[in-house]
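What follows draws every value from the coordinates through simple rules; no lab data is involved. The structure displayed is predicted, hence computed values, not measured ones. Neighbour counts run over all protein chains shown; Cβ positions are idealised from the backbone, glycine included.
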Amino acid sequence: MRYAFIQDNQHIWPIRRLCSTLDVHQSGYYAWLKQPLSKTASKRKQLSGLIKQFWLESGGVYGYRKIHCDLKDIGESWGINRVHRLMKANGLKSQRGYRKPRAYAGTPVVIGENTIDR
């Protein structure tokens, strides 16, 4: 998390100052830059791309349940909670429909007599 912050802000401040402020060694930051993307992170990135593609194809309407069904249809077996978590992390939300308020028809209910004086 700190290394990603340094990478995002290195054009504003020097790396040496960012590392000392965040109490991180410069060698650790440069080692983090050189390491390749992990297998899990690459799968997560691929899945995020598929999720965003399906979400855009639906016009931003589909939620995590329908996108999970779309992923199952193409043969991807990912859990529904993972799909929900990745959509939340990427800021993808479904559009909820609305219902028109219904009119109340008929006569009002007849109120009974106050027999116990309350």
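About the centre of its Cα atoms, region 39-90 shows a dipole size close to 340 debye [charges on the beta carbon of Lys, Arg (+1) and Asp, Glu (-1) only; nearest 20 debye].
Where in region 1-100 are there chymotrypsin sites (Phe, Trp or Tyr not before Pro) that are in a DSSP coil and have at most 14 other Cβ atoms within 10 angstrom of their Cβ? Write out the running numbers ahead of the final one.
Values: sites: Tyr3, Phe5, Tyr29, Tyr30, Trp32, Phe54, Trp55, Tyr62, Tyr64, Trp78, Tyr98; in loops: Tyr62, Trp78, Tyr98.
Passing both the DSSP loop test and the Cβ count: Tyr98.
In terms of other Cβ atoms within 10 Å, Arg96, Arg85 run from fewest to most in the order Arg96, Arg85. Backbone phi angles across region 6-21, fed through the Karplus curve with coefficients 6.51, -1.76 and 1.60 (θ = phi - 60°), yield HN-Hα couplings of 4, 5, 6, 10, 6, 7, 8, 10, x, 4, 4, 5, 4, 5, 5, 5 Hz in residue order; Gly and Pro are listed as x. Considering only Ala31, Ala41, Ala105, the mean-square fluctuation computed in a Gaussian network model of the chain, springs between alpha carbons under 10 angstrom, is largest for Ala105.
For each pair in Lys39/Lys93; Lys72/Lys100; Lys66/Lys88; Lys45/Lys93; Lys34/Lys93, compute the distance between the two Cα atoms and list the pairs where it is over 25 Å.
Working: Lys39/Lys93 27 Å; Lys72/Lys100 34 Å; Lys66/Lys88 15 Å; Lys45/Lys93 18 Å; Lys34/Lys93 34 Å.
Result: Lys39/Lys93; Lys72/Lys100; Lys34/Lys93 exceed 25 Å.
In the chain, helices alone account for a calculated mean residue ellipticity at 222 nm of -16500 deg cm²/dmol, with every DSSP H run of four or more residues adding -39,500 (n - 2.57).
What you get for region 1-66, charging only the Cβ of Lys and Arg (+1) and of Asp and Glu (-1), is a dipole of about 260 debye around the Cα centre. Cα centroid separation, region 1-30 to region 103-117: 71 Å. In the elastic network of the chain, a GNM with C-alpha springs shorter than 10 Å, the most mobile of Leu50, Leu92, Leu22 is Leu22.
Only Cα pairs under 8 Å and 6+ residues apart enter the sum, and on that basis the relative contact order of the chain stands at 18 percent.
When the chain is treated as a GNM with alpha-carbon contacts under 10 Å, the residue of Ile80, Ile15, Ile51 showing the greatest mean-square fluctuation is Ile15.
Compute the Rg/Rh shape ratio of region 39-90: radius of gyration over Kirkwood radius, all on alpha-carbon atoms. With Rh from the inverse mean 1/r over Cα pairs, Rg/Rh is 0.92. Applied to region 66-73, the Karplus parametrisation 6.51 cos²θ - 1.76 cosθ + 1.60 on θ = phi - 60° returns per-residue 3J(HN,Hα) values of 5, 5, 4, 5, 4, 5, 5, 5 Hz, with x for Gly and Pro.
Dipole of the chain, Cα-centred, from +1 at each Lys and Arg C-beta and -1 at each Asp and Glu C-beta, to the nearest 20 debye? Before the final figure, lay out the partial values.
Details: 21 positive and 8 negative charges, 67 e Å.
The calculated dipole for the chain is roughly 320 debye.
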